[in-house]
Amino acid sequence: MSNASDPIVFTPTPAQPPPANTVGVVGWLRANLFNGWFNSLLTVLSVYLLYVTIPPLLDWLFLSATVSGTDRSACEGADGACWTFIKMRFNQILFGFYPDGEQWRPIATFVIGFGALISTVFPSKARKWTVLFLLTLYPVLAFFLLSGGYFGLEEVETAKWGGLTVTLVVSVTGIVASFPIGIVLALGRRSNMPIVRSACVVFIEVVRGVPLISVLFMASVMLPLFLPEGMNFNKLLRALVGVTLFTAAYMAEVVRGGLQAVPKGQYEGAAALGLRYWQMMILIILPQALKLVIPSIVNSFISLFKDTTLVYIVGLFDVLEIIRVSTKDANWIGFEKEGYVFAAFMFWIFCFAMSRVSLRIEKRLDTSHRK
Amino acid sequence: MTTENPAASEKLAVELVDVNKWYGEFHVLRNINLSVFRGERIVICGPSGSGKSTMIRCINRLEEHQKGKIIVDGIQLTNDLKRIDEIRREVGMVFQHFNLFPHLTVLQNCTLAPIYVRGMPKKDAEEIAMKYLTRVRIPEQADKFPGQLSGGQQQRVAIARSLCMSPKIMLFDEPTSALDPEMVKEVLDTMVSLAEEGMTMLCVTHEMGFARQVANRVIFMDRGEIVEQNEPNEFFSNPRSDRTRLFLSQILH
């Protein structure tokens, strides 16, 4: 036996490999799928459910589906989906009744906007300018490209716009315009000036307390009653205003949540340095507040994107409405399933992209805990 | 009145005359009279809730007083936003919780106010910021974010950030209370060197060693009143009021 006062010589124990059944595929299966009898039972049950549902779904979507042909006779006798219907209507789904020869214009508008947006995800020196372009020049460019009437472009009245073009025009305008309005409303609601504050509170609470469908309905049916004879707002414009104001009210509350989450010390630190109100808000408070609420902001945008389907109430033909109308076409009756599955897929693509982009932005802006 | 004598007012950095403040019904500051001369270093101590932080926060209008007069650098504080801005430009403040801007780098924290408040070109502002960051001995951290620094380093950045505005008066609101013990010294050293350069300073702190070393005057507050003020040796060795004696016996062991 060694004496308690003897010096200790420390020899490190050599590292041992972990037990074989806790690593690799077997380890993963044990830990995640078969840990205990209840989880094993759930795993078996889930596998059975997937077996029952997935193969028929794949069969309907792809294996037995028809894409060839130009009319419904091509799909007769087939068990699967009739994508021929979507194929034949694809042009309308994208552009509505936009003249065939001019369809490069919505495409160009989309490609420029989407390209610029994607480029902002990657770090570069030009990013600031790209964002500035998207927020200032791009809307003007998009307007002239889409509606024409200048620079030798044939004028295409908004009544002819439709499909994805209208969906994107309404949602992008709604997003871009409601964001600053929402911020101003949120700041107004927290203002010390009683008149500004009450005006903002009234606006937010009234608009937020009413369904979008009634806002749009009022914009299209009620508004003309109050306007002088002959003065007629464009349908699309009415929808844009309705959607923008509606989203702005939601945005205001989201931003207010962010403003409240910024510690009081930040306001005091900025004030003590002599920054004036707008400098303090723009340089110090809003960057932090908006960063905190990016998930909620994107949530509102996604929900706005899907709410644009309600513009059919004012007689606009968005993606969903075009598809709905197409399924009523005598030549294509009975293909609702294909129509709505495809509509759901299109909406999902855009919403999923938005959520991915927001994750990227969140990561990029995270400076607080970077060690 | 001292303010009507131009010679005296020129020497005065801060003057509080019969200042009273209420939070709702609660009377936080009661008849505060205090004159701070240029170049003077004042340490304010007292139990928590005695109104010491509130008092110095009134000096740059982070808190509003309801009665009395506050004159800072010859400008009387009123509701006039222009004057408040003017005063805040000349008065630097260091907070207990640093209040650095977490989304900006250390350098950007320091250049922000000179650029946007003083309208200084970015290059000059960065030069000045580096000068002060070197003075507080952390120039190598300039491109990091505040969240990457220790508490002591953050507080030194906060001091540098205030100095970049070349303030005439510095207010310190318990600058070392939120720091780990081994970081207190680095911040106090920075404050001592600032004092040695003749900066007018008002410090709310419980660091009595600091008070002895640099203060011209120690002020003791309790229940919203200035109970007693004296030069530090007299204050610590021979407190006049029993309240001060009790307080000192509790914090000096």
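The values are calculated or read from the model by the stated rules, or taken from the named source; none is laboratory data. None of the values given here were measured: they were computed from a predicted structure. Note that we place each Cβ from the backbone using ideal geometry, even for glycine, and neighbour counts take in every protein chain shown.
Results, tabulated for the structure shown:
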{"item": "Filter result for A:Ile86 (within 23 Å of the chain's Cα centre (by Cα) and assigned to a helix (DSSP H, G or I))", "result": "no"}
{"item": "Filter result for the condition that a residue is in contact with a helix residue (DSSP H, G or I) (Cβ under 9 Å, 6 or more places away or on another chain), more than 30 Å from A:Asn331 (Cβ to Cβ) and among the aromatic types (Phe, Trp, Tyr), over A:Phe85, A:Phe38, A:Phe34, A:Phe10", "result": "A:Phe34"}
{"item": "Test: B:Gly147 is touching a Lys or Arg at 6+ places or on another chain (Cβ under 7 Å) and either assigned to a loop (DSSP other than H, G, I, E, B) or within 14 Å of another protein chain (Cβ to nearest Cβ) (or both)", "result": "yes"}
{"item": "Filtered residue count, the range A:335-371, keeping only those that are touching a residue at least 12 places away in the same chain (Cβ under 8 Å), more than 14 Å from chain B (Cβ to nearest Cβ) and of a type outside the set (Ser, Thr, Tyr)", "result": "14"}
{"item": "Flag for A:Arg276 being surrounded by fewer than 18 Cβ atoms within 10 Å (Cβ to Cβ), in contact with a Lys or Arg (Cβ under 7 Å, 6 or more places away or on another chain) and assigned by TED's automatic domain parsing to the domain that holds A:Ser355", "result": "no"}
{"item": "Enumeration of residues in the range B:87-108 that are within 18 Å of the chain's Cα centre (by Cα) and within 23 Å of B:Gly119 (Cα to Cα)", "result": "B:Ile87, B:Arg88, B:Arg89, B:Glu90, B:Val91, B:Gly92, B:Met93, B:Val94, B:Asn99, B:Leu100"}
{"item": "Sole exception among (1) surrounded by 16 or more Cβ atoms within 10 Å (Cβ to Cβ); (2) on the phi < 0 side of the Ramachandran plot; (3) over 18 Å from the mean Cα position of the chain (by Cα) for B:Ile84, by number", "result": "(3)"}
{"item": "Odd one out for B:Pro121 among (1) at pLDDT 95 or above; (2) within 12 Å of chain A (Cβ to nearest Cβ); (3) surrounded by fewer than 21 Cβ atoms within 10 Å (Cβ to Cβ)", "result": "(2)"}
{"item": "Checklist (1) at pLDDT 90 or above; (2) surrounded by fewer than 17 Cβ atoms within 10 Å (Cβ to Cβ); (3) assigned to a helix (DSSP H, G or I) applied to A:Ser191, failing item", "result": "(3)"}
{"item": "Scope the range A:260-282; condition at the interface with another protein chain (Cβ under 7 Å from one of its Cβ atoms), in contact (Cβ under 8 Å) with a residue 12 or more places away in the chain and small (Gly, Ala, Ser); matching residues", "result": "A:Gly269"}
{"item": "Filter pass, A:Leu58 being within 30 Å of the chain's Cα centre (by Cα) and in contact (Cβ under 8 Å) with a residue 12 or more places away in the chain", "result": "no"}
{"item": "Every residue from the range B:189-206 that is among the aliphatic types (A, V, I, L, M) and surrounded by 19 or more Cβ atoms within 10 Å (Cβ to Cβ)", "result": "B:Met191, B:Leu194, B:Ala195, B:Met199, B:Met201, B:Leu202, B:Val204"}
{"item": "Index of the failed condition, A:Trp332 passing every other in (1) surrounded by 17 or more Cβ atoms within 10 Å (Cβ to Cβ); (2) out of contact with any Lys or Arg (no Cβ under 8 Å at 6 or more places or on another chain)", "result": "(2)"}
{"item": "Boolean, A:Asn39 is surrounded by 10 or more Cβ atoms within 10 Å (Cβ to Cβ), touching a Lys or Arg at 6+ places or on another chain (Cβ under 9 Å), assigned to a helix (DSSP H, G or I) and not basic (Lys, Arg)", "result": "no"}
{"item": "Residue list for the range B:73-118, filter: more than 11 Å from chain A (Cβ to nearest Cβ) and of a type outside the set (Ser, Thr, Tyr)", "result": "B:Asp73, B:Gly74, B:Ile75, B:Gln76, B:Leu77, B:Asn79, B:Asp80, B:Arg83, B:Val106, B:Leu107"}
{"item": "Single residue of B:Leu188, B:Leu202 found to be at pLDDT 90 or above, touching a helix residue (DSSP H, G or I) at 6+ places or on another chain (Cβ under 6 Å) and part of a strand (DSSP E or B)", "result": "B:Leu202"}
{"item": "Of residues in the range B:133-144 being over 14 Å from B:Met191 (Cβ atoms) and part of a helix (DSSP H, G or I), the one nearest to the other protein chains (Cβ to nearest Cβ)", "result": "B:Gln141"}
{"item": "Qualifying residue in the range B:174-186 (condition: touching a residue at least 40 places away in the same chain (Cβ under 8 Å) and under 13 Å from the mean Cα position of the chain (by Cα))", "result": "yes"}
